[in-house]
1. Which order results if TRP229, TRP44 are arranged by neighbouring Cβ count within 10 Å, fewest first?
2. Identify, among GLY295, THR214, LEU254, the residue whose Cα sits farthest towards the positive end of the charge dipole of the stretch 2-301, taking +1 on the Cβ of Lys and Arg and -1 on the Cβ of Asp and Glu, with the dipole about the Cα centre.
3. Let me have the relative contact order for the chain, percent, based on Cα pairs under 8 Å that are six or more residues apart.
4. (1) 106, 39, 37; (2) 54, 41, 37; (3) 55, 52, 35: which one is Cα extents along the principal axes in Å as calculated from this entry?
5. Considering only DSSP beta bridges where both residues belong to the stretch 38-148, give the percentage that are antiparallel (nearest 5).
6. What is the angle, in °, between the Cα long axis of helix 129-140 and the longest principal axis of the Cα atoms in the chain? Nearest 10 is fine, range 0 to 90.
7. Check cross-link reach from LYS286 to the lysines: straight Cα distance under 21 Å, and skip same-chain residues fewer than eight apart.
8. Please report the antiparallel percentage of DSSP beta bridges with both residues in the chain, rounded to the nearest 5.
Amino acid sequence: MRLVLLAWLAACLAATTATAQERENLGRGSIFTNDFLGDGKDRWRTSSYTVSGMRGQNWDGYLPQGFGELLEFRLRAETIAPANLVAGGPPDRQYAGILSFGVATHFQKGIVDVRLGADMIVTGPQTGIGTLQSAIHRAFGVPEPGAGVLANQIPNSFLPSADVEFSHDLQFTEALSWRPFLAASAGAENLVRVGGDLVLGRGLRSNMMLRDVTTGQLYTGIRGQTDGWSMTLGGDIAKVFSSAYLPAAGGYALTQSRKRLRAGLYREGEKATFFYGVTWLGKEFKAQTSSQVVGSLQITLDF
């Protein structure tokens, strides 16, 4: 909890730090993830949507050296569901509706890129996620979350959370780079994670890239000057010490490690950005019967 509070103070300080020039909007990134775009089985990490707004003095293709100069304001919604959305019940996981409001500062320390962020994560019926999913499923004529599933969902909570990521781009050629990273989070989920992403192509060289919470996929936050096609291949492994979405009090036993493998295809054009990615998500709790595959989509149009 001390780490979380320190990160909250740091994020608030970053958001209010005076700079020589006023900040401006530098870009907006979003990513939509759903298992309908993957294995189509509507379960577990079934859906998420993230929008990030970037503010700073300018973007020249590199992170600033100063803490608080480049800020990311992030809104994220996620739905976690049991494999049987209608009936649910043990030993499968509980339904969870999640809303997250956060701010992060991105800066460079020596050769290391740093992201330091803090979020207020809201869970439970108060988020309205269950009601929204029911309405969407009803409109498309697919099974809705059962009354018992929603009644037994993760309860209303406000969970201050913090995260940090250290990464570095190793540029082998103009069209090939490797981005290893080390990350940790505390609050809703307490974990450490290590991994990396291989980027092939020139289309993302001058972009500011952000990492999706659910899949680890990289998505564009600020567009640079480079157009073209790019492909990413990545993966990571995490040690999860505790999770509010899989509470020990509920009898859930976490897996020894949480693994992700991913691939994505990007098209950066003068007026549009397109991305589609697919992610394999390993088991998160021991009673989980299998892994799952989800798909992610980003479409940005400039007018």
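No lab work stands behind these numbers, since they all come straight from the coordinates. Since the structure is predicted, the reported quantities are computational estimates derived from the model, not experimental observations. All Cβ positions, glycine included, derive from the backbone under ideal geometry; neighbour counts span all protein chains shown.
1. Details: TRP229 16, TRP44 23.
Arranged by neighbour count, lowest to highest, TRP229, TRP44 become TRP229, TRP44.
2. Checked the options; the winner is LEU254.
3. On the way: 811 pairs, mean separation 48.8, N = 303.
It comes to 16 percent, rounded to a whole number.
4. Label (2) holds the value from this structure.
5. Details: 34 of 34 bridges.
That works out to approximately 100 percent antiparallel.
6. 80 degrees
7. Here the lysines satisfying the reach criterion relative to LYS286 are LYS41, LYS239, LYS259.
8. Values: 125 of 125 bridges.
Antiparallel bridges: around 100 percent, rounded to the nearest 5.
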